[in-house]
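Report on one structure; see the data block that follows.
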Ligand code: MG
């Protein structure tokens, strides 16, 4: 199933995407719901970020192709991104005036289904609603110079996600691609994740309660590309779709 969150006629709803249409759900996908007959053409709705997380976790250094000369971590390298940095499909990524380098990081994003804590690896996938595309936007100079990554990874608009949450996907065997102005920059399959999704959920829930709609950005492969004023960035994941965002310099 492919789930969208969208705005239509001033109202925000979740819906099931079927072909070029979306059918409204009676409740959020984190509760008991039915698929109603209330249908919109996808072209008539504004797609929003696909869920409303209480927090966003992100994983650094989770592909060896992204490691460069850094030492592979012995445990997942986890950091936070703020919910206020989340934007949806076609929303604008604002490049702050005073960053010297703004990169796009293509990432598979896990959407958590229910409240969970101390999850065993073998039970972890039961707590996943589905998967979406994410862009872990990163201001490299701030990432290097600041004591922590508060603005490098969480300035407003730095967490694009969407377009849909796909529930029936093999998350460890899909290709993750980024393109800037149509030119491919990153392309790798999630087969190469160092810490797989059950490991990430088991590890993080030893310390932190995950809530419905919480997101885990699972890390980026290869060498990310820079986004400049006027660029269009696309993150594509096989089986999910394309997350497209224009980039604008802060005015
Ligand atoms: Mg990242």
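Suppose the filter is without any contact (Cβ under 8 Å) to a residue 40 or more places away in the chain, away from the ligand (no atom under 16 Å from the Cβ) and closer than 15 Å to residue 165 by Cβ; does residue 43 pass it?
When the stated conditions are applied, residue 43 does not pass them.
Restricting to the range 78-137, what's the tally of residues that are more than 19 Å from the chain's Cα centre (by Cα), surrounded by 15 or more Cβ atoms within 10 Å (Cβ to Cβ) and outside any strand (DSSP E or B)?
Adding up the residues that qualify gives 4.
When only residues in the range 210-245 that are within 18 Å of the chain's Cα centre (by Cα) and on the phi > 0 side of the Ramachandran plot count, which is surrounded by the fewest Cβ atoms within 10 Å (Cβ to Cβ)?
239
Please pick out the residue among 158, 195, 207 that is farther than 29 Å from residue 18 by Cβ and more than 18 Å from the chain's Cα centre (by Cα).
Going through 158, 195, 207 in turn, the sole match is 207.
Does residue 165 count as within 28 Å of residue 31 (Cβ to Cβ), assigned to a helix (DSSP H, G or I) and under 16 Å from the mean Cα position of the chain (by Cα)?
When the stated conditions are applied, residue 165 does not pass them.
What are the residues in the range 47-62 that are within 10 Å of the ligand (Cβ to nearest atom) and either assigned to a strand (DSSP E or B) or under 14 Å from the mean Cα position of the chain (by Cα) (or both), if any?
Across the range 47-62, the qualifying residues are 58, 59, 60.
Looking only at the range 138-170, count how many residues are closer than 19 Å to residue 245 by Cα, in contact with a strand residue (DSSP E or B) (Cβ under 6 Å, 6 or more places away or on another chain) and touching a residue at least 60 places away in the same chain (Cβ under 8 Å).
Result for the range 138-170: 11.
Checking the conditions here, which among 110, 94 is within 16 Å of the ligand (Cβ to nearest atom) and in contact with a strand residue (DSSP E or B) (Cβ under 7 Å, 6 or more places away or on another chain)?
Testing whether each residue is within 16 Å of the ligand (Cβ to nearest atom) and in contact with a strand residue (DSSP E or B) (Cβ under 7 Å, 6 or more places away or on another chain) leaves just 110.
Per-residue answers, yes or no, for (1) in the same structural domain as residue 187 (by TED's automatic domain parsing); (2) closer than 14 Å to residue 164 by Cβ; (3) in contact (Cβ under 8 Å) with a residue 40 or more places away in the chain:
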site	(1), (2), (3)
7	no, no, yes
15	no, yes, no
35	no, no, no
60	yes, no, yes
65	yes, no, yes
68	yes, no, no
84	yes, no, yes
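The values are calculated or read from the model by the stated rules, or taken from the named source; none is laboratory data. Owing to the predicted nature of the structure, the values given are computational and were not obtained by experimental measurement. Heads up, the Cβs are rebuilt from the backbone with ideal geometry, glycines too, and the neighbour counts pull from every protein chain shown.
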